[in-house]
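Below is one structure, written out as structure tokens, with a few remarks after it.
The values are calculated or read from the model by the stated rules, or taken from the named source; none is laboratory data. What you are looking at is a predicted structure, and each value in this text was computed from that prediction instead of being measured. Here the Cβ positions follow ideal geometry from the backbone for every residue, glycine too, while neighbour counts run over all protein chains shown.
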Amino acid sequence: MSIRLDHLNLTFADGESRITALDDVSLDVAPGEFVVVTGPSGSGKSTLLAVAGLLQQPDSGDVVIGDTSTASLSARQRSDLRRDQLSFVFQSANLFPSLTAVEQLELMAHMRGRLDDAARSRARELLEAVGLSSRAGHRPNRLSGGERQRVGIARALMSNPVALLVDEPTAALDQHRSDEIMELLASMTVRESIATILVTHDLDRMDLATRQLHQVDGRLTPVA
């Protein structure tokens, strides 16, 4: 299933005027697509992810998750859909200090009331897929920054989401680890057959993107 953004518009009050965060933005991302959105700070990239992730409602337009239009959903329905169909990766992995790597993933299943043998097996498989099977029993203070981000990516995939929304995942990493995380996100997008939208100001490793788009003043345009 895909995620589709249809003619999204969003403005914010700025004194007596308004700032345009999203200006007639449309985007359709299919399973297995790794779409990267670049642009300067303040261009609306994070707002794009917030609206796509059902964290913020646009002034107009629609976000369609799979076959579900979200424009007329209640706050509770949007929350349920976000929990069940969407996952997020941020600049910080935001891991729980007291939990091991595998427990970070198992917690996601526990929160959904689905921590069974299949979920435990899924957690181990994902850690192996991100290259951390040997670190499954380690807590965050024994993991490097790149390893913590890998755990965060694996955790985001525990629920088999329709879409993965990624906000500046390499901003706190050095170039080598940044390259590794970008390669991992691209490969996991294909492996898990999910629709991934990543926003970044970093122009390295754009070769990994299925499509690259550029956002300025709320408008989204393709990069040739």
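In this structure, R155 does not satisfy being in contact with a Pro (Cβ under 6 Å, 6 or more places away or on another chain) and of a type outside the set (A, V, I, L, M, F, W, C). I'd like to check something: does segment 69-76 contain any residue that is of a type in the set (D, E, K, R), loosely packed, with under 13 Cβ neighbours inside 10 Å and modelled with pLDDT of 95 or more? Checking segment 69-76: at least one residue is of a type in the set (D, E, K, R), loosely packed, with under 13 Cβ neighbours inside 10 Å and modelled with pLDDT of 95 or more.
Any idea which residue in segment 86-96 is farthest from L185 (Cα to Cα), counting only those that are touching a strand residue (DSSP E or B) at 6+ places or on another chain (Cβ under 7 Å) and either at pLDDT 95 or above or assigned to a strand (DSSP E or B) (or both)? Looking at residues that are touching a strand residue (DSSP E or B) at 6+ places or on another chain (Cβ under 7 Å) and either at pLDDT 95 or above or assigned to a strand (DSSP E or B) (or both), I get L86. Among the residues making up segment 97-117, those that are modelled with pLDDT of 95 or more, of a type in the set (A, V, I, L, M) and assigned to a helix (DSSP H, G or I) are A101, V102, L105, L107.
Residues in segment 203-224 that are free of Cβ contacts under 8 Å to residues at least 40 places away in the same chain and either in contact with a His (Cβ under 6 Å, 6 or more places away or on another chain) or more than 22 Å from D23 (Cβ to Cβ) (or both): D204, R205, D207, T221. Considering segment 171-224, and only residues there that are out of contact with any strand residue (DSSP E or B) (no Cβ under 6 Å at 6 or more places or on another chain) and at positive phi, the residue that is surrounded by the most Cβ atoms within 10 Å (Cβ to Cβ) turns out to be R205.
Is it true that some residue in segment 191-205 is farther than 23 Å from L8 by Cα and either among the hydrophobic types (A, V, I, L, M, F, W, C) or in contact with a Phe, Trp or Tyr (Cβ under 8 Å, 6 or more places away or on another chain) (or both)?
Our first condition is that a residue be farther than 23 Å from L8 by Cα; within segment 191-205, this holds for 191-193, 202-205.
Going one step further and asking which of them are either among the hydrophobic types (A, V, I, L, M, F, W, C) or in contact with a Phe, Trp or Tyr (Cβ under 8 Å, 6 or more places away or on another chain) (or both), we end up with 203.
There is at least one residue in segment 191-205 that is farther than 23 Å from L8 by Cα and either among the hydrophobic types (A, V, I, L, M, F, W, C) or in contact with a Phe, Trp or Tyr (Cβ under 8 Å, 6 or more places away or on another chain) (or both).
Condition check: over 19 Å from the mean Cα position of the chain (by Cα), part of a helix (DSSP H, G or I) and either of a type in the set (D, E, K, R) or closer than 16 Å to E192 by Cβ (or both). Does R124 satisfy that? Spelling it out, R124 is indeed over 19 Å from the mean Cα position of the chain (by Cα), part of a helix (DSSP H, G or I) and either of a type in the set (D, E, K, R) or closer than 16 Å to E192 by Cβ (or both).
For segment 80-137, how many residues meet the condition of being aromatic (F, W, Y) and within 30 Å of D67 (Cα to Cα)? Write out each step before concluding.
Our first condition is that a residue be aromatic (F, W, Y); within segment 80-137, this holds for 88, 90, 96.
If we keep only those that are within 30 Å of D67 (Cα to Cα) too, we end up with 88, 90.
Total satisfying the criteria: 2.
For every residue, the table says whether it meets (1) buried (at least 18 other Cβ atoms within 10 Å of the Cβ); (2) touching a residue at least 40 places away in the same chain (Cβ under 8 Å); (3) not acidic (D, E).
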| site | (1), (2), (3) |
| --- | --- |
| G53 | yes, yes, yes |
| D62 | no, yes, no |
| D67 | no, yes, no |
| L99 | no, yes, yes |
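Please specify each residue of segment 13-65 satisfying the condition of being out of contact with any helix residue (DSSP H, G or I) (no Cβ under 7 Å at 6 or more places or on another chain), in a strand (DSSP E or B) and farther than 14 Å from R211 by Cβ. Within segment 13-65, A13, D14, S17, R18, I19, T20, D23, D24, S60, G61, D62, V64 meet the criteria. Based on what the data block shows, is R124 surrounded by fewer than 19 Cβ atoms within 10 Å (Cβ to Cβ) and at negative phi? In short, yes. Among the residues of segment 178-224, the one identified as β-branched (V, I, T), modelled with pLDDT under 95 and in a helix (DSSP H, G or I) is I181.
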